[in-house]
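Structure first, then comments.
Just so you know, all these numbers are worked out from the coordinates, no wet-lab data involved. Bear in mind the structure is a predicted one, so any value in this text is a computation, not a measurement. Don't worry about glycine lacking a Cβ; one is built from the backbone with ideal geometry, like all the others, and counts go over all protein chains shown.
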């Protein structure tokens, strides 16, 4: 809060509980830092002491899919399709704003997957 402490004319001090009139309000607006939430899945293998066979843990489902989640997909599709960002500008935005390195091929595939899902959806309902 911003309150006057002394009179500008005579220098008299104002008490902490002096009557004050609100003469202005000012907003400061900022976007909080956006950081991607990364979950690292670690897969291990070991050798059987009895027979020497290498036993491997099953791979997580994400190992066979894109590492990017649905919000990143939606944002990329929106920016590419509706805001007409070029692939290079889209990649630059993800790099500069989120610290993500996105391959150009990924962006193209992402858009194709979205279109394919939109085309297939009505076909599945029948």
For this session: Report the full-extension gain for the segment residue 46 to residue 1: residue separation times 0.36 nm, less the Cα-Cα distance, to one decimal in nm.
Result: 9.9 nm
Exercise. Relative to the present Cα-Cα distance, how much length would full extension add between residue 20 and residue 84 at 0.36 nm per residue of separation?
Worked result: 17.8 nm
Exercise. Considering the Cα trace of segment 1-85, what is its radius of gyration and what is Dmax, both in angstroms?
Worked result: 30.9, 95
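Sort 51-62, 89-100 by packing, meaning the average of other beta carbons within 10 Å per residue, with the highest value first. Write out the running numbers ahead of the final one.
Working: 51-62: 9.1, 89-100: 14.7.
With the highest mean Cβ count within 10 Å placed first, the list reads 89-100, 51-62.
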For this session: Would you mind getting me the FRET efficiency between residue 27 and residue 75? Use the beta-carbon distance for r and R0 = 25 Å, nearest 0.05.
Result: 0.40
